[in-house]
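A short worksheet on the structure shown next.
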Amino acid sequence: MPAVESSMIELGTRAPRFSLPNTNPNYPAANVSLSDLAQSKGIVIAFICNHCPYVVHLKSSFSAFAKRYQAQGIAVAAISANDVTTHPADAPAEMTADAVRYDYSFPYLYDESQAVARAFAAECTPDLYLFDARQKLVYRGQYDSSRPGNGIEVTGEDLSSAVDALLAGGRICQDQVPSIGCSIKWKASAT
């Protein structure tokens with residue numbers, strides 16, 4: 001299946017409201033909502049999953065990224081919205097195992113209905129969003145230029161640069177490159 005790009009929704013878009021169950025035992029909350037993350041200098045929302053090779057490629061780096069920026073007042077949350085009937089490796093129990101394996105310090109939320117993914121216009125895994133303290137979108141795009149097999153080191157350079165600029169009160173580059181990865185595994189529509 002060919003890779004899919006993120007939809008690159010309009011900068012300035014307000015973060016959609018959500019409340020989802022958390023599968024990460026390292027993060028002490030059964031459910032997490034946008035308002036739980038709002039008392040921060042910014043919010044990173046990452047649509048990921050367990051099995052996608054594009055996500056597997058950056059999991060360790062993203063875990064370190066989250067710890068670094070959480071310590072500076074940035075909230076981080078990951079959401080998996082894949083249909084687990086067709087992709088059981090992305091089921092909540094497997095999400096829990098993945099969160100422990102990669103020492104995630106952030107909530108790993110399960111969007112069973114896929115309504116939150118649709119509200120964000122998420123298309124692929126990973127699909128990454130950075131919202132400012134007013135919950136306005138200031139970055140959407142790739143983690144960095146590394147892809148499985150392209151030989152480029154995983155650094156998180158693109159997302160890190162945006163977060164650094166946000167924290168410094170500087171201007172975030174508007175020339176943002178779409179993320180690319182596996183498509184979100186949408187449920188068959190009930191017609």
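Bear in mind these aren't lab numbers, they're just calculated from the coordinates by the rules spelled out. All figures in this text were calculated on a predicted structure; none of them were measured in a lab. Positions of Cβ are generated from backbone atoms using ideal geometry, with glycine treated the same way; all protein chains shown enter the neighbour counts.
Worth a mention:
- Counting 0.36 nm for each residue step from S19 to V100 and taking away their Cα separation leaves a gain of 27.0 nm.
- Taking 4.7 Å between beta carbons as the limit, the unpaired Cys residues of the chain are C49, C124, C173.
- Normalised contact order of the range 4-183, rounded percent, pairs of Cα under 8 Å and 6 or more residues apart: 33
- Here V56 and A121 are evaluated by their C-beta separation; at R0 = 30 Å the FRET efficiency comes out at 0.80.
- Spacing of the modelled spin labels on A64 and T86, each 7 Å from Cα toward Cβ, amounts to 3.5 nm.
- Alpha carbon centroid spacing (whole Å) that separates the range 16-54 from the range 64-112: 7
- Ranked by the mean number of other Cβ atoms within 10 Å per residue, highest first, peptides 59-72, 134-147, 167-180 order as 134-147, 59-72, 167-180.
- Here the range 4-183 carries DSSP beta bridges of which approximately 70% are antiparallel, counting only pairs with both residues inside.
- The range 20-41 residues near the modelled E112 label - backbone nitrogen below 16 Å, point 7 Å along Cα→Cβ: 20-24, 30-32
- The calculated FRET efficiency for K136 paired with S7, based on their beta-carbon distance and R0 = 25 Å, is about 0.90.
- Cα-based Lys proximity count in the chain, under 24 Å, for pairs eight or more positions apart or on separate chains: 6
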